[in-house]
Amino acid sequence: MEPITGAEILVRCLKDEGVEYLFGYPGGSVLHIYDELYKQEDVKHILVRHEQGAVHAADGYSRASGKPGVVLVTSGPGVTNAVTGIATAYMDSIPLVVFTGQVPTALIGNDAFQEVDTVGITRPCVKHNFLVKDVRLLAETVKKAFYIAMTGRPGPVLVDLPKDITITKTEYHYPKKVKLRSYNPTVKGHAGQIRKAVDMILSAKRPMLYTGGGVILSDGSAELVELTQLLGYPITQTLMGLGAYPATDKQFIGMLGMHGTYEANMAMHECDTLIAIGARFDDRVTGKIDKFCPTARIVHVDIDPSSISKNVKVDIPIVGSVPNVLRAMINVIRDEKLKPDTEALTQWWRQIDEWRKMESLRYRPSTEVIKPQFVVEKLYQVTEGQAIITSDVGQHQMWAAQYYLFDRPRQWINSGGLGTMGFGLPAAMGAKFAFPDQDVACITGDGSIQMMLQELATMKQYNTPVKIINLNNGYLGMVRQWQEFFYQKRYSMTYFEALPNFVMLAEAYGHVGMKIERPGDVEGALREAFAMKDRTVFLDFVTDPSENVFPMIPAGGGQNEMLLAERDDMVSTHEEGMVLV
Amino acid sequence: MNNSNRHVISILMENESGALSRVANLFSARGYNIESLTVAPTDDPTLSRLTLVTSGNEQVIEQIVKQLNKLIDVVKLIDLSETDSIERELMLIKTKALGEQRAEMMRLSEIFGGHILDVTDSTYTIELTGPGGKLDSFLRAVEKDAILEVVRSGATGIALGQKALHV
């Protein structure tokens, strides 16, 4: 076999791995690689406008498609710009393979031009990283990177490539499989534990299913639906888990947590058996930890043992992949014709229906000013609940999660763990690459959208038509809300005294801009925008600046201590909450 | 911290650059404390053996073990505190040795099973091995003013009996 350069090997690896899109930005240390990319057409390179955008786009592509997102950036600032994107993917367990250029091996450690300690900087926010020091190890390292990223609890893996490696030659051989003696995730759940769990689950009087992003990442939605309907139990989902179980089904009682529904949080608080699946008991979900599910026995299914009993001690841990474990549970229940306690369940549902009557997502409609919730409701109607929705971070993100009913997995894409403003727009672009024929909308705010605006140019270049739903209230709304409730309305640095003319801005990038100021115009504008199939449309909705997200569990509160719209005085009730975020 | 116990965790990991910093990073990132840390290659040059001493309640130790196992470079680990094991640490200590001190210091070293490695007309350099507690006792027994320098390796350990940590 003819020896070929490291750069050529890398591109061959990507082809053999079936990589369709590579999101990236060139620079000095990756020039050899870009030269190889130029010579072929199988791997399509998407030239972003900022490296953070490249990682978010690859991330959005991965969340929408289930395939790994692949990124290529240069050394130094290319890497540091990418770090926010990598950390975002890491917190939400998104499989990415990020290739970074590095200064030549001989210069590493010499403070060379555009040198940073990439492996060191990214170590805390990757599942694993590699520095390739020998071109003969390159192909195997790439294979390992994809393998590690995609298996077990997924996550970003980074491969750092010194420039000399990309020009040194060796024979190419891409391994079909790799095995690592130190890495062998448990996929199949322990049969004894599953049996014990089934007994506990079926003996429940007040059961509750609480599921998270792990169900989506493991493609376990079908098994979740089957098990939930077999049991007839109420189900709540985390922000990251929305869509795994259809939101329009009556067994779904809404999202839980800080901005979850009254019925979901009350049911969590009152349940006697909690079945946690692919969720990690995040602080936004649990509220104050010692007030969390005070009367519940807990079963926890997760592929990552370190997620189990990290924040909340559980009674029956099951390490394994969600579809695998749930299938085993379903089989036990069906084979042995086991039945839940229907009498207790009827009573439990009666109680939940009482809580439902609180209508905790009710808001005061207006004919004068556009309510942000109303925009999301209309968006849901106009897209018939079928669009892929990405969001940025803040109030609009919560309204999107509350008012758009997600019926399928991978339909809802947002930065839940790291909470990265700027995520939504490039993620929408990535999702559009994955599904060019589907409607993709990015629900954003005037704060978040300005953090990744430059990607509008990329969207023009590659014609990825996305509908941008800007809920523009002139404020950093979520921070403003906390300042209103907990800092006696001292609105410190949350009002934008200058905002761009978003319509002109969209037009400057070659897109369509629309400004909507009256509630009566919302639906028409949305219909008009979605009718423009091949255009990116920026819809700038001027919304009520005083609107808040409800319900809300203030930091330090228990799940049953929700503040409800128009019903509660907004003052901080928990002094200890002031030290929490 | 309540019920905070000392644990000796022994780890076999890939002998690759950066493996040690992954462990050290994990401890600082998650706020665990490290009392001591030793690392060296094993008879198999592809593997390093790392011994770390930490403390925490049961839940913290459980998380530490899980998080360590999650590191891709970690092949296997054992919490030696959960099993019959022995622990050894090496200490090198330079003391003053003048007049009456010379005999006193030599006697003390003998009692603790130490070796005097180097002698000058005013100092001794002593080598001592044992569990950490024994080394502490020696330091307490030596007159404070007499200590010129102390070097401790940090603990290493091994399980007793047939139990062995290997690939």
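The values are calculated or read from the model by the stated rules, or taken from the named source; none is laboratory data. This one's a predicted model, so the numbers in the text were calculated from it and none came from an experiment. Using ideal geometry, Cβ is built from the backbone for each residue, glycine included, and neighbour counts are taken over all protein chains shown. To get the accessible areas, we keep the full protein, side chains included, count just its heavy atoms, and leave off ligands, DNA and RNA. Shrake-Rupley method; radii C 1.70, N 1.55, O 1.52, S 1.80 Å.
State all residues of the stretch A:156-203 that are touching a Leu at 6+ places or on another chain (Cβ under 8 Å) and within 28 Å of residue A:326 (Cβ to Cβ); if no residue qualifies, say none.
Result: A:156, A:157, A:198, A:201, A:202.
Being away from chain B (no Cβ under 14 Å), surrounded by 15 or more Cβ atoms within 10 Å (Cβ to Cβ) and in a loop (DSSP other than H, G, I, E, B): is that true of residue A:197 here?
No, not satisfied.
Can you tell me which residues in the stretch A:542-561 are open to solvent by less than 20 Å² (accessible area, probe 1.4 Å) and closer than 24 Å to residue A:270 by Cβ?
Matches in the stretch A:542-561: A:549, A:551, A:552, A:553, A:554, A:555, A:556, A:557, A:558, A:559.
Scan the stretch B:46-105 for residues that are polar (S, T, N, Q) and farther than 29 Å from residue B:128 by Cβ and jot them down.
Hits for the stretch B:46-105 are B:46, B:57, B:59, B:63, B:67, B:69.
What is the residue count in the stretch A:361-404 for residues that are of a type in the set (A, V, I, L, M) and within 17 Å of residue A:257 (Cβ to Cβ)?
Here the count works out to 5.
Could you list, in sequence order, all residues of the stretch A:371-411 that are under 19 Å from the mean Cα position of the chain (by Cα) and polar (S, T, N, Q)?
Listed by number, the residues that qualify are A:386, A:390, A:391, A:395, A:397, A:402, A:411.
So which of A:137, A:72 ends up being part of a helix (DSSP H, G or I) and within 12 Å of residue A:161 (Cα to Cα)?
Of the residues listed, the single one that is part of a helix (DSSP H, G or I) and within 12 Å of residue A:161 (Cα to Cα) is A:137.
Of all residues being open to solvent by 30 Å² or more (accessible area, probe 1.4 Å) and within 14 Å of another protein chain (Cβ to nearest Cβ) in the stretch A:107-121, which is nearest to the chain's Cα centre (by Cα)? Just the residue, please.
A:121
I'd like the full set of residues that are within 13 Å of chain A (Cβ to nearest Cβ), part of a loop (DSSP other than H, G, I, E, B), out of contact with any strand residue (DSSP E or B) (no Cβ under 7 Å at 6 or more places or on another chain) and not small (Gly, Ala, Ser), limited to the stretch B:27-45.
B:30, B:44
Exactly one condition in (1) farther than 27 Å from residue A:154 by Cβ; (2) within 14 Å of chain A (Cβ to nearest Cβ); (3) open to solvent by less than 60 Å² (accessible area, probe 1.4 Å) is false for residue B:10; which is it?
The single condition residue B:10 does not satisfy is (2).
Report whether or not residue B:109 is open to solvent by less than 50 Å² (accessible area, probe 1.4 Å), more than 14 Å from chain A (Cβ to nearest Cβ) and of a type outside the set (Lys, Arg).
It is true that residue B:109 is open to solvent by less than 50 Å² (accessible area, probe 1.4 Å), more than 14 Å from chain A (Cβ to nearest Cβ) and of a type outside the set (Lys, Arg).
Taking the stretch B:143-167, which residues are among the hydrophobic types (A, V, I, L, M, F, W, C) and outside any helix (DSSP H, G or I)?
B:147, B:148, B:150, B:151, B:155, B:158, B:159, B:160, B:164, B:165, B:167
Residue check: is residue B:121 under 30 Å from residue B:16 (Cα atoms), out of contact with any strand residue (DSSP E or B) (no Cβ under 9 Å at 6 or more places or on another chain) and in a loop (DSSP other than H, G, I, E, B)?
Against the criterion (under 30 Å from residue B:16 (Cα atoms), out of contact with any strand residue (DSSP E or B) (no Cβ under 9 Å at 6 or more places or on another chain) and in a loop (DSSP other than H, G, I, E, B)), residue B:121 does not qualify.
Would you be able to say whether some residue in the stretch A:151-174 is closer than 26 Å to residue B:29 by Cα, touching a Gly at 6+ places or on another chain (Cβ under 6 Å) and in a helix (DSSP H, G or I)?
No, because not a single residue in the stretch A:151-174 is closer than 26 Å to residue B:29 by Cα, touching a Gly at 6+ places or on another chain (Cβ under 6 Å) and in a helix (DSSP H, G or I).
Taking into account only those residues within the stretch B:57-80 that are open to solvent by 20 Å² or more (accessible area, probe 1.4 Å) and in a loop (DSSP other than H, G, I, E, B), which is nearest to the other protein chains (Cβ to nearest Cβ)?
The selected residue is B:71.
Does the stretch B:130-142 include one or more residues that are assigned to a strand (DSSP E or B) and either at negative phi or not basic (Lys, Arg) (or both)?
yes
Condition first: away from every other protein chain (no Cβ under 14 Å), assigned to a helix (DSSP H, G or I) and open to solvent by 20 Å² or more (accessible area, probe 1.4 Å). Can you find one or more residues in the stretch A:302-310 that meet it?
No - not one qualifying residue is present in the stretch A:302-310.
For the condition open to solvent by 70 Å² or more (accessible area, probe 1.4 Å), within 14 Å of chain A (Cβ to nearest Cβ) and either of a type in the set (A, V, I, L, M, F, W, C) or over 22 Å from residue A:118 (Cα atoms) (or both), what is the one hit in B:50, B:20?
B:20
Could we say that residue A:319 is surrounded by fewer than 23 Cβ atoms within 10 Å (Cβ to Cβ) and within 14 Å of chain B (Cβ to nearest Cβ) here?
For residue A:319, the condition - surrounded by fewer than 23 Cβ atoms within 10 Å (Cβ to Cβ) and within 14 Å of chain B (Cβ to nearest Cβ) - is met.
Consider residue B:120 carefully, then state whether it is more than 14 Å from chain A (Cβ to nearest Cβ), among the hydroxyl-bearing types (Ser, Thr, Tyr) and surrounded by fewer than 16 Cβ atoms within 10 Å (Cβ to Cβ).
yes
Can you tell me which of A:340, A:294 is open to solvent by 60 Å² or more (accessible area, probe 1.4 Å) and either within 14 Å of chain B (Cβ to nearest Cβ) or touching a residue at least 12 places away in the same chain (Cβ under 8 Å) (or both)?
Of A:340, A:294, the one residue that is open to solvent by 60 Å² or more (accessible area, probe 1.4 Å) and either within 14 Å of chain B (Cβ to nearest Cβ) or touching a residue at least 12 places away in the same chain (Cβ under 8 Å) (or both) is A:294.
Report whether or not residue A:37 is touching a strand residue (DSSP E or B) at 6+ places or on another chain (Cβ under 7 Å) and either in a loop (DSSP other than H, G, I, E, B) or open to solvent by 10 Å² or more (accessible area, probe 1.4 Å) (or both).
In short, yes.
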